[in-house]
Structure formats: C-alpha cells, structure tokens
Amino acid sequence: MDPISEWFASAKIPVGQWGKAFFDFLTRNFEWFFDAIARGLTWFLDGAIGMLLWFPPIVVIAAVVAFAWYLQRSWKICLFVLLGLLFILNQNLWKETIETLVLVVGAASASMAIGVPIGIWAAHSPRAWAWLNPVLDLMQTMPTFVYLIPVLILFGLGLAPGLLVTVIFAAPAPIRLTYLGITSVPKPMLEAGAAFGATKRQLLYKVELPAALPTIMAGLTQCIMLCLSMVVIAALIGANGLGKPVVRALNTVNIPLGVEAGLAIVVLAIILERMSRVRVGGGK
C-alpha cells in the first residue's frame, strides 16, 4: 500500500465502534423492552404452531384446501394445494412446514399492516416520499445477513427475531407497490369523485383503494415470496422451520435432505402465491 493510502486508512472513521456503542446503549438501557417483545412474539408464534400441530395433518390440509376454494373458486388450484401438502406430509416435513407457514403468514401480515398505511401516506405526501425512498433503497439493497446482526443482539435467538428480521426485509415491497398503486389512479376518477362532493377519506376508500387494489395485491404476493426467501436465513438465528433442515443438509452435505426440504419450500411458495391471488371484480 502506498504512503498516501496508508495515511488515509490510518485516519479510519470509527463507524463500527459507533455502532457497537449504540447497540451497547440499547441493550444496557432497554433490554427489558426488547425482551418483552421477544417473549410476546414467541408466545404468540408458539401458540399458533401448537394449535395447528394439535389437529391431525389431514384436517389441516382439508381446511387449507377449503380456504383455497373460498379464495379462488378453482378446482385446479385446490387440487394442487391438496397434492402439494400431501407431498410435504409424505416427506415427513409437516412440523417444519407448519412452523414456516406460521412464520411467513405472521411476517407477511405484519409487513402488509405496516406497508400499506405507509404507502398511502407517502402517496399523499411528496415530502414524505422524498425522505422514505432512499430508506427503502437502503433496506432493499442491504445484504440479508446484515439484518441478522442487530436483531440477534437485541432479541437473541428464536422465532421472534426470525419474524422481525423477515418483516424488516419484506416491508419495502408493499410500501412501494401501495405507493405505486395510489399514485397511478387516473386523475379524472379523483376529479369526478370530488365533483360529487366526496371527502378525502371517501376518495381514499371509494376511489383510490379499489383502483389500486390489483397493485396492492401484487405487493402481497411479492411480500410472501420475500418472506419465504428469508426462511433459510432466519433458521441461522434459531427460527425453526423448513430452513433448519436446509442448513443441516448444507453443514453435513446431505443431498437427499437438502432436495426434500428445498422442494417443500418451493411447493409451499407456489401454494401461497396461488392462494394470495385474490380475485378482483370476479377475475383471478
């Protein structure tokens, strides 16, 4: 290294030390707060997993198929859901699939609950979007393993940090697509609603949200896929599920186990993607 580079490197900005000091401050003063969140989420997730595992798998499969029929009214989708879940049961991965399903549904629900209101707010506030856009860029470009460091420090190991890191990773998708859907509503529709005396709230619920619904639902589908992509990574911080056998297969070079768990993740992803295509106006 040349002298100038050595001099420049010697004046290193201690960003890492600042980060360590910040997390030390949080854990020293607010450990009780983060522990309470972790315990509450763990209690909820363990309860949901235990309830689903209490029922015989065939009963759960029948309920999921019935729910797929309620959402889609398609016998082809219902048949695929049935065969896919029976395949997972046949591969002896039912418990891991239930754990993954609860984690993904919980994370996707939380991401949509956070993302849709923020997307609506950003669509109606250009200043808010100007500040929010670079934050979303940072969240979507940051390597997924980087998310594990602060979550692991603050919340420890288990399902709760797995849920939180998945929400952080997936939330930008519904925010962006909700923003896109609301801002893409044709102005003549808004002007017509205003001409008939609609308030801002009425315009939102009667005009903007119905017109933006297909885009928002695309955000839900993308959110579910992003949540599933975090399954293996979340397993590294103690979140059980289908990611755990994948990690175990990687560590032991167990090709059969890796193929089985990988196919189970793919099947579950397709099932959730097909079921989340909520029909709009009678179409699919």
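The values are calculated or read from the model by the stated rules, or taken from the named source; none is laboratory data. Treat the numbers as computed from the prediction; the structure is a model and nothing was measured. Every residue, glycine as well, gets a Cβ built from its backbone with ideal geometry; the counts of neighbours run over all protein chains shown. Remember, those area values only see protein heavy atoms, side chains included, never the ligands or the DNA or RNA. Shrake-Rupley method; radii C 1.70, N 1.55, O 1.52, S 1.80 Å.
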Residue 92 is checked against (1) of a type in the set (S, T, N, Q); (2) surrounded by 13 or more Cβ atoms within 10 Å (Cβ to Cβ); (3) within 28 Å of residue 240 (Cα to Cα) and fails just one. What number does that condition carry? (2)
Among the residues of the stretch 217-229, is there at least one that is surrounded by 15 or more Cβ atoms within 10 Å (Cβ to Cβ), at pLDDT below 85, in a helix (DSSP H, G or I) and under 23 Å from the mean Cα position of the chain (by Cα)? yes
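Conditions (1) touching a Pro at 6+ places or on another chain (Cβ under 9 Å); (2) at negative phi; (3) open to solvent by less than 60 Å² (accessible area, probe 1.4 Å), marked per residue:
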| site | (1), (2), (3) |
| --- | --- |
| 5 | no, yes, yes |
| 14 | no, yes, yes |
| 19 | yes, yes, yes |
| 29 | no, yes, no |
| 34 | no, yes, yes |
| 42 | no, yes, yes |
| 65 | no, yes, yes |
| 75 | no, yes, no |
| 83 | no, yes, no |
Close pairs (8 angstrom Cβ cut-off, 6 or more residues apart or separate chains): part of a helix (DSSP H, G or I) in the stretch 171-186, at pLDDT 90 or above and among the aromatic types (Phe, Trp, Tyr) anywhere: 179/129
Log entry, pairs with first residue in the stretch 143-166 being surrounded by fewer than 18 Cβ atoms within 10 Å (Cβ to Cβ), second being not aliphatic (A, V, I, L, M), beta carbons closer than 7 Å, six or more apart or on different chains, reads 144/169; 150/23; 152/161; 153/23; 153/27; 157/238
Looking at this structure, is residue 200 touching a His at 6+ places or on another chain (Cβ under 9 Å), free of Cβ contacts under 8 Å to residues at least 24 places away in the same chain and open to solvent by 30 Å² or more (accessible area, probe 1.4 Å)? yes
Only one of these conditions is not met by residue 23: (1) open to solvent by 60 Å² or more (accessible area, probe 1.4 Å); (2) touching a helix residue (DSSP H, G or I) at 6+ places or on another chain (Cβ under 6 Å); (3) at pLDDT below 90. Which number is it? (1)
Note: among 135, 116, just one is open to solvent by less than 60 Å² (accessible area, probe 1.4 Å) and in a helix (DSSP H, G or I), namely 116
Of the conditions (1) under 27 Å from residue 240 (Cβ atoms); (2) open to solvent by 80 Å² or more (accessible area, probe 1.4 Å); (3) at pLDDT 90 or above, the single one that residue 69 does not satisfy is (1)
Run residue 250 past the list (1) more than 16 Å from the chain's Cα centre (by Cα); (2) open to solvent by less than 20 Å² (accessible area, probe 1.4 Å); (3) not aromatic (Phe, Trp, Tyr) and report the number of the one that doesn't hold. (2)
Which numbered condition residue 212 misses (of (1) under 19 Å from residue 172 (Cβ atoms); (2) among the hydrophobic types (A, V, I, L, M, F, W, C); (3) not in a helix (DSSP H, G or I)): (3)
